[in-house]
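The values are calculated or read from the model by the stated rules, or taken from the named source; none is laboratory data. Everything numeric in this text was worked out from a predicted model, so none of it was measured. Ideal geometry is used to build each Cβ from the backbone, glycine not excepted, and the neighbour counts take in all protein chains shown.
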Amino acid sequence: MSDAAEPRVQGPCKWLVISTLPHKECYACDHLTRQDFRVYCPMIVRRVRHARSASDEPRPLFPGYVFVEYRSDGRTWHPILGTRGVKSVVRSGERPSLLCGSFIEELRAREVGGVLRYPRDALKVGQRVTLQGTAFDGLVGQIIELREKDRVMVLLDLLDRPTRVQVPTDKLSPV
């Protein structure tokens, strides 16, 4: 095993990004944990619809990926490749790409009960908001629907007609 294939670690804790088989994030985490790897799979609550019913269930924030702490104690990362549920290690050339530990810590800081939560001042349906940095800059509307990927449906009064507009959450501020 050459040193060229081992990642260069400098500074605080670094994390490997692991690509998993489809819908096998938890399965891969279990098997990696059994091999004494420190694993993290951030979860978020998503609305799941199935057979005329809907429920809020925890799902991976990054579907198809988990994070494994890289330890520079001489232990190689190659056993990860043979782990059940793992497809590959995300690499840059021959070296695994490393993720800064502060990113993982920021995600963990937002967890409540093992699931990432939006900040306390998160937007709510029925809330009045002002649009900023859009074509509708300065207009006031009401949130009528929260969507995935930080998008919101807002009801505006344009030309004396109610108009639905989909807007990114970072373009809204509470009134």
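Brief remarks on what is shown
- Close contacts from the stretch 28-56, counting a first residue that is within 16 Å of V68 (Cβ to Cβ) and a second that is among the aromatic types (F, W, Y) and in a loop (DSSP other than H, G, I, E, B), with Cβ to Cβ under 8 Å and a gap of 6+ residues or different chains, come to P42/F62.
- For the stretch 129-152, a tally of residues being buried (at least 16 other Cβ atoms within 10 Å of the Cβ) and under 25 Å from the mean Cα position of the chain (by Cα) returns 3.
- Residue within the stretch 120-130 that is among the basic types (K, R) and in contact with a helix residue (DSSP H, G or I) (Cβ under 8 Å, 6 or more places away or on another chain) present: no
- Given (1) without any contact (Cβ under 8 Å) to a residue 60 or more places away in the chain; (2) aliphatic (A, V, I, L, M); (3) out of contact with any Asp or Glu (no Cβ under 9 Å at 6 or more places or on another chain); (4) closer than 23 Å to V39 by Cβ, number of the condition V115 does not satisfy: (1)
- Restricting the stretch 54-87 to residues that are hydroxyl-bearing (S, T, Y) and assigned to a loop (DSSP other than H, G, I, E, B), the residue that is modelled with the highest pLDDT is T83.
- Those residues of the stretch 70-87 which are surrounded by 11 or more Cβ atoms within 10 Å (Cβ to Cβ) and among the polar types (S, T, N, Q), in sequence order: S72, T83
- Test: residue in the stretch 88-95 that is at pLDDT 85 or above, surrounded by 11 or more Cβ atoms within 10 Å (Cβ to Cβ), not in a strand (DSSP E or B) and not assigned by TED's automatic domain parsing to the domain that holds V167: yes
- For A122, the conditions (1) free of Cβ contacts under 8 Å to residues at least 24 places away in the same chain; (2) of a type in the set (A, V, I, L, M, F, W, C); (3) over 24 Å from R59 (Cβ atoms); (4) part of a loop (DSSP other than H, G, I, E, B) all hold with the exception of (3).
- Top-ranked residue in the stretch 157-169 [being farther than 22 Å from D56 by Cβ and in contact (Cβ under 8 Å) with a residue 24 or more places away in the chain; ranked as nearest to the chain's Cα centre (by Cα)]: V167
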